[in-house]
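Report on the following structure.
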Amino acid sequence: MDKIEVLKYYFGYGKLKKEQEEIIDQVLSDNDIIGLLPTGYGKSITFQIPALILDGITIVITPLIALMQDQVRNLNDKMIPAEFINSLLSKEEQENVYRKLKLGKIKILYVSAERLESKKFKEEIKNLEISMIVADEAHTLLWSEDFRIALGHIPKFIESLNKRPKMMALTATATKETVKKITELLNLNNPKIIIGDCDRKNIFYKIVKTKNKDKDLYLYINNHKNIHGIIYCLTIKNVMHVYEFLKEKGLNVGYYHGAMESSLKKDIQNKYTNHEIDIIVCTNAFGMGIDIKDIRYVIEYDIPSSIEDFSQQSGRCSRDGKYAESVILFNLNDIKTIEYFIDHIDNKEKSDKEIRRIKMDRYNKLDEMVKLCMGSGCIHKRVCSYFGVKHNGNCGMCSNCVKK
């Protein structure tokens, strides 16, 4: 089957979006690819279709266990042979996946980057045909030193294979500098860079300069009852504060953060997905790869640490393409919290010079975010400009362009 036949047969669509088709065509032409497509645009289909066309197995490297589980479940529902290997599987369950791989019963395999260093994993797949390796949510490569070390396993793993597979990196948010770093970390070969329109025209951006966050938060939510929303906080402490505050107000709310037990995370995620919970209060541990169509607002209780984070998080709403709002409750005191985190960045394996460079980079990103919150120009234009995309301004969809 060709790409359109695969699209119709497995996914039920008759036409690809322009950038989706470009990425698929490039990877089928043996080019390394970096795809920059906005949240909700349909990034996954750009590697799932080639995976079904190409001989052999596509390995998808993803940073979160919940993300790989959701992706595999969705693919299996479409009768696409996909599996994952992670730490939650028993030894017997992992052996079953390896048996399926050897029998050619798996086309797409999801793993973490750390799995590539496993002697068992390398031994089991060394004689299999690997057609493509995909780094999904590639911006996470730069989140922390642990992520960067883990992703350093990918080039080593590729070198151990009999034949270099096709390579793809996908993300919703990346500046030119981020693209350069991803290229270096993954050792991509002159990658083709395909950029989608980062402007989420259906999302109204709203900056609320506030002296009382709880008051303004409740005022907003009270005017948006019984609809799906997300409230992002920088710290677990703030997550629990906001959760308790809204719970006391009688709202149907849940919370989610990275320190929770996996079973509890899954339970909360399922309840939110199934509309048993209206509002989720969370850190940035929630949302990546979760495909909930009808989220109508995202509120930043604390200022995001960068425009990349803001773009990622605001993009969680309106996956159905309908009107939604992204709100930042901006207070200058938030800046001190992020500055504290930056000042306490430390890594014994890094030189003082490298630590200073990392801190300066984080401060520059924070500075751009503060300028966005304090500026008077079109917010859509500023976000697009940050990612190197032209925008004419006067969007009619932000609090600086419209009195609302």
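Each value in this text was obtained by applying a stated rule to the coordinates, not by laboratory testing. These figures come from a predicted structure and were not determined experimentally. Cβ atoms come from the backbone with ideal geometry, glycine included; neighbour counts cover every protein chain shown.
Numerical summary
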| item | result |
| --- | --- |
| Longest to shortest principal axis, alpha-carbon extents of the stretch 203-386, angstrom | 50, 41, 31 |
| Long-range Cα-Cα pairs in the stretch 3-195 (distance over 27 Å), rounded percent | 22 percent |
| Inter-probe distance in nm under a simple model that places probes 7 Å from Cα toward Cβ, at residue 99 and residue 214 | 5.7 nm |
| Exposure proxy order (Cβ contacts within 10 Å, fewest to most) of 84, 47, 11 | 11, 84, 47 |
| Straight-distance crosslink candidates among lysines, where the alpha carbon sits under 20 Å from residue 201 and sequence neighbours closer than 8 are dropped | 17, 18, 43, 293, 322, 381, 390, 403, 404 |
| R0 of 56 Å, Cβ-Cβ distance residue 160-residue 252: FRET efficiency to nearest 0.05 | 0.65 |
| Nearest-0.05 FRET efficiency for residue 9 and residue 294, computed from C-beta distance (R0 25 Å) | 0.40 |
| Segments 67-76, 225-234 sorted - mean Cβ within 10 Å per residue, highest first | 225-234, 67-76 |
| Under 5 Å, built H, 5+ apart or other chain: amide partners of residue 325 | 204, 297, 298 |
| Full-stretch length increase - residue 201, residue 236 - with 0.36 nm per residue and alpha-carbon distance subtracted | 9.5 nm |
| Candidate lysines - alpha carbon under 21 Å from residue 237, same-chain residues fewer than 8 apart omitted | 211, 213, 215, 247, 249, 265, 266, 336 |
| Hz values of 3J(HN,Hα) by residue in the stretch 233-244 - Karplus curve (6.51, -1.76, 1.60), Gly and Pro given as x | 10, 6, 10, 4, 4, 5, 4, 5, 4, 5, 4, 5 |
| Three-way shape label, the stretch 267-371, alpha-carbon gyration tensor, a/c 1.5 | prolate |
| Cα gyration tensor, the stretch 357-404 - rounded (a/c under 1.5), prolate or oblate | oblate |
| Gain in span if fully extended, residue 339 to residue 360, counting 0.36 nm per residue against the direct Cα distance | 6.5 nm |
| Neighbourhood net charge (14 Å Cβ-Cβ; Lys/Arg +1, Asp/Glu -1) for residue 177 | +2 |
| Three-way shape label, the stretch 29-69, alpha-carbon gyration tensor, a/c 1.5 | oblate |
| Listed peptides 368-377, 239-248 by packing density, highest first (mean Cβ within 10 Å) | 239-248, 368-377 |
| Exposure proxy ranking, count of Cβ atoms within 10 Å, fewest first, for 178, 273, 46 | 273, 178, 46 |
| Efficiency of FRET from Cβ geometry, residue 346 and residue 177, R₀ 30 Å, rounded to 0.05 | 0.85 |
